[in-house]
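Asks: Handing you this structure, nothing more for now.
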Amino acid sequence: MAIEFVWDEKYSVNDEEIDQQHKSLFAMGNEIHFASLKEKKGLVLQLYKYTLEHFDKEEEHMKKMDFPLLREHTALHGDLISTLNDITADGLQTKREADAFEKFVYRWLSRHIQTEDRKYADFTKTSK
Ligand code: FEO
């Protein structure tokens, strides 16, 4: 299955630093997509660590702006990390597991950013 992680302005949350982090996640998704199965393992760990850093940064950002859905959003991040843990538990041994991982990351990046992250971006606009 061909998955291409392409950044687009529709993913912007009107915060330069967080947009940059999302762009880095897209870039990591592409790197994983084009890597060999052996290379993917190291890259997945890199993406996992970066995702944790990103979630910390984003939660801090939402806290600073008193975003009312902070608790719900933090719970969604917890669910995503939990799914990431499940998918990568045995270290992506097969192409099928690698494909499932990419599919999950793609869904997360495209859907979570456009729906959930969008909510704090819209809140920023209305609270100014
Ligand atoms: Fe950018 Fe809520 O993840």
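Asks: How long are the semi-axes of the equivalent ellipsoid of the chain, defined as square roots of 5 times the Cα gyration tensor eigenvalues? Whole Å, largest first.
Replies: 28, 15, 11
Asks: May I pose another question? Build a GNM of the chain with springs between Cα atoms under 10 Å: which of 63, 40, 23 gets the top mean-square fluctuation?
Replies: Highest fluctuation among the options: 63.
Asks: Could you pull out every one of the lysines with an alpha carbon less than 26 Å from that of residue 57, ignoring same-chain neighbours closer than 8 positions?
Replies: Output for residue 57: 10, 23, 40, 41, 49, 103, 119, 125, 128.
Asks: For the range 56-128, what are Rg and Dmax over the alpha carbons, in angstrom?
Replies: 14.9, 49
Asks: Another question about this same structure. So for 17, 9, 31, 102, fewest C-beta neighbours within 10 Å to most, what's the order?
Replies: By the 10 Å Cβ count, ascending, the order reads 9, 17, 31, 102.
Asks: A further question on this structure: Multiply the residue gap between residue 115 and residue 86 by 0.36 nm, knock off their C-alpha separation, and tell me the result in nm, one decimal place.
Replies: 8.1 nm
Asks: Zone of residue 38 (label point 7 Å along Cα→Cβ, backbone N under 16 Å): which residues in the range 95-128?
Replies: Only 95 pass the distance filter.
Asks: Zone of residue 122 (label point 7 Å along Cα→Cβ, backbone N under 13 Å): which residues in the range 56-82?
Replies: Output list for this probe position: 69.
Asks: How far, in nm, would the chain grow between residue 56 and residue 79 when pulled straight, counting 0.36 nm per residue and subtracting the alpha carbon separation?
Replies: Net length gain for the segment: 6.9 nm.
Asks: Kyte-Doolittle cut-off -1.0, length cut-off 24 Å along the helix's own axis using Cα: show which whole DSSP H helices in the chain pass.
Replies: Sorted by number, the helices that extend far enough and score high enough are 16-34, 70-88.
Coordinate-derived values only; no laboratory data. Predicted model only: the values in this text are computed from it and were never measured. Note that each Cβ is placed from the backbone with ideal geometry, even for glycine, and that neighbours are counted across all protein chains shown.
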